[in-house]
Protein chains: 4
Amino acid sequence: MKSPPDSTHQQTLAQWREQEALVRQRASGSGIIPPDLLAQRPGIELMQAIVSGALPVPPIARSLDFVLIEVEPGRAVFQGDAKFDFYNPIGSVHGGWIATLLDSCVGCAVHSALPAGKGYTTLELKVNYVRAVTQDSGPIRAEGKIIHLGGRVATAEGRLTDPAGRLYAHCSTTCLILDLAKG
Amino acid sequence: MKSPPDSTHQQTLAQWREQEALVRQRASGSGIIPPDLLAQRPGIELMQAIVSGALPVPPIARSLDFVLIEVEPGRAVFQGDAKFDFYNPIGSVHGGWIATLLDSCVGCAVHSALPAGKGYTTLELKVNYVRAVTQDSGPIRAEGKIIHLGGRVATAEGRLTDPAGRLYAHCSTTCLILDLAKG
Amino acid sequence: MKSPPDSTHQQTLAQWREQEALVRQRASGSGIIPPDLLAQRPGIELMQAIVSGALPVPPIARSLDFVLIEVEPGRAVFQGDAKFDFYNPIGSVHGGWIATLLDSCVGCAVHSALPAGKGYTTLELKVNYVRAVTQDSGPIRAEGKIIHLGGRVATAEGRLTDPAGRLYAHCSTTCLILDLAKG
Amino acid sequence: MKSPPDSTHQQTLAQWREQEALVRQRASGSGIIPPDLLAQRPGIELMQAIVSGALPVPPIARSLDFVLIEVEPGRAVFQGDAKFDFYNPIGSVHGGWIATLLDSCVGCAVHSALPAGKGYTTLELKVNYVRAVTQDSGPIRAEGKIIHLGGRVATAEGRLTDPAGRLYAHCSTTCLILDLAKG
């Protein structure tokens, strides 16, 4: 079933590994964003500070071994390796690991588009699983993009692919936009 | 916001802790269901063998620290503790941890209703998040129930609650039923 | 495939027809709820006024031939007949007709729980289709119930069944709660 | 809120109206696809025969006043006018009308990619509503595209926009692929 890797695939794979190594090298500890920063900075600054290592790696990313690779306003990319540690009882990576990467990419896509004083909470996430992820799937990327950004609500979509461009899962989400600055 | 625990809540909490301790005590290693068993046994037997410790704990359950507590045909309950290790960058438990418990309970609810020779794969999962899960949420249960069981497709729903009955999230799923015995 | 109707089914069918006839008899014209009423009355009063004929039938209900049958706070039931007029090109009732009944029942379930001065808008609806609806399906009911009612967001679920209790589709929804009274 | 129409918008509007008039002019009666044709022809041929008027307009399209405008393998576009007849009680076009157009475009996108002997049924549809549709929204288009086409399951996404490019709603769907040719 697994297609033979062609040279483009190999180049993409090498680039993904390199980019991940760089991000992991700069990472500094694990933790959440300090609440005062969260309320006072635009989302894009906070997300970029996680990529650059100025802010710590979120705990879940450490537990499930994935990293925020790239972020720009309205778009965020996470990368992870599907390990045996994340397997379900029936022989492939658990849908929850996939949902975690997808939830991360669409949530960050929304957050990265919010100005200072605004936050968000995820109201719902729908994931479509179209191909099993296994230990052999290699590094996998979840790319999230905003679809709609309104005053109270935002929606976004995400896709999980490997370096060969194979699609494993996709999602859509609805986020509620919150006022964080109250005073 | 947190209601004062009343005596019913305390009893439920104690019962949940006790049940979890019993399951954890019997657990024997981590791993997947051997493929030949998976194809030859009714789902309910396999699920009950995980609860009783005759089959190993699925790797994801070890990584995200949750256990299968109860299973009967068409219904499955998982329990987990929301730890700081599962936090997102913005200060609460990541939606992916919640999605993992919910995906598990609805998937197992479907699997527990399948006869020998049949398996399933999750086509889609939609999660609604209605209350933030934090370190203080205590033990949390995800209960999944089959809604529809057809020849090719099954649907199920799940709810995530604490011992006080507070709802944190709910979900629905669509599973494709597969022929595993081909020989 | 169609089960022979038993006596309970026949009784339910007769009761559904009778209840529908009563509602249709009281109906007075077609139209929307006057905006000032919409902002000033609790949702349950408005919904009950549609059932009693004091407020007009919503235009969509006339176009797709269904009626609001019952409403109480947090629960609403619609009934419709699946006619050939609502068929898709491939030989059964279009999923959009089903989605319309389900969207109606969950939206009204939410609206019926809102106090005066509050309104809602539907953010998302997910429908699972589990059995084809045809001209022979007879009268069909969509029953919606609130799952979660918060200050800013509500969720609800709905099920579409026939008098024999057969399930055709189910759904979940997320609604945003709005302030309608602004001075 | 409504942006002043610029010249590009006006050109798109004129083109949409012209295309719709052409399709409506060729339309020949209302009805479903004859079952033997449905089983024996590739989906794209059937869909194109609806556009060209060689096959009748589906009943639901007549009841809710929309037309299939364009179809190519893996992509389908429907157009409709949001009329008062489709209003909900709270003053805008009912979400069910929107869901009907979106369900149509993603279902046809899937059908248009299926070879002779294959059919499909929709397992689930999730719609996100991001802007109210009113009588003043003008002609609206639902464009569906396949995301994943497998042997047993396909997924697709759809978007509802006006000639100015404003997004009103978007959706994703899961379809089960069926064998129609049985001898």
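The B-C contact accounts for approximately 1200 Å² of buried accessible area, totalled over both chains at a 1.4 Å probe radius.
Between copies, residue B:40 shows label-point distances of 4.8, 6.6, 7.5 nm, shortest first, with the point placed 7 angstrom from Cα along Cα to C-beta. What would the Debye formula give as log10 I(q)/I(0) at q = 0.11 Å⁻¹ for the alpha-carbon point model of segment A:7-179, no solvent? Treating every Cα as an identical point scatterer, log10 I(q)/I(0) equals -0.44. Shielding by partners for peptide A:166-178, expressed as the average number of C-beta atoms from other protein chains within 10 Å of each residue's C-beta, is 4. Using a basic spin-label model with each label point 7 Å from the Cα along Cα→Cβ, how many nm lie between residue C:135 and residue B:40? A separation of 5.2 nm, rounded to one decimal place.
Across the copies of the chain, residue C:135 has label points (7 Å from Cα along Cα→Cβ) spaced 3.4, 5.8, 6.5 nm apart, shortest distance listed first. Solvent-accessible surface (1.4 Å probe) assigned to residue C:51 amounts to roughly 20 Å².
Averaging sequence separations of C-alpha pairs under 8 Å and six or more residues apart, then dividing by the length of chain A, give the relative contact order as a whole percent. Could the numbers behind the result be given before it?
Numbers: 400 pairs, mean separation 40.5, N = 183.
Normalised by residue count, the contact order of chain A is 22 percent.
Once the other residues with Cβ under 12 Å from the Cβ of residue B:54 are scored (Lys, Arg +1; Asp, Glu -1), what is the net sum? Overall, the nearby charge balance is +1.
Restricting to Cα pairs below 8 Å that are 6+ residues apart, what does the relative contact order work out to for segment D:60-116? Please round to a whole percent. Write down the numbers at each step before the final one.
On the way: 64 pairs, mean separation 21.3, N = 57.
That works out to 37 percent.
Label point of residue D:115 (7 Å along Cα→beta-carbon): distances to the other copies' equivalent points are 3.2, 5.6, 6.3 nm, sorted ascending. Per residue, the convex hull spanned by the Cα atoms of the protein assembly as shown measures out at 181 cubic angstrom. Sparse packing (at most 14 other Cβ atoms within 10 Å of the Cβ) combined with a DSSP loop state is found for the following trypsin sites (Lys or Arg not before Pro) in segment C:1-87: C:2, C:83. Taking the accessible area of segment C:7-179, probe 1.4 Å, and keeping the other protein chains in place, the carbon and sulfur fraction comes to 49%.
In the context of the full set of protein chains, residues of segment A:7-179 present 35 Å² of accessible surface per residue (probe radius 1.4 Å, heavy atoms only).
Longer than 25 Å from Cα to Cα, which of A:145/B:126; A:145/D:126; A:126/C:118 are they? Say none if no pair is. Display every interim value, and only then the final one.
Numbers: A:145/B:126 18 Å; A:145/D:126 18 Å; A:126/C:118 28 Å.
The pairs that break the limit, which is 25 Å between Cα atoms, are A:126/C:118.
Counting Cβ atoms of other protein chains within 10 Å of each residue's Cβ and taking the mean over peptide D:24-34 gives 2. Taken one residue at a time, the phi angles of segment A:119-133 give Karplus couplings (6.51, -1.76, 1.60, θ = phi - 60°) of x, 8, 9, 7, 8, 7, 9, 10, 10, 9, 9, 10, 7, 5, 9 Hz. Gly and Pro are set to x.
Taken residue by residue and averaged, Cβ atoms of other chains lying within 10 Å of the Cβ of A:104-111 number 2.
State the dimensionless ratio Rg/Rh of segment C:108-161 (Rg: radius of gyration of Cα atoms; Rh: Kirkwood radius). Intermediate values should be presented prior to the final figure.
Values: Rg = 14.0 Å, Rh = 13.1 Å.
Here the Rg-to-Rh quotient is 1.07.
The values are calculated or read from the model by the stated rules, or taken from the named source; none is laboratory data. Predicted model only: the values in this text are computed from it and were never measured. Note: ideal-geometry Cβ built from the backbone for every residue, glycine included; neighbour counts use all protein chains shown. The accessibility values were calculated without ligands, DNA or RNA, using every heavy atom of the protein model including side chains. Shrake-Rupley method; radii C 1.70, N 1.55, O 1.52, S 1.80 Å.
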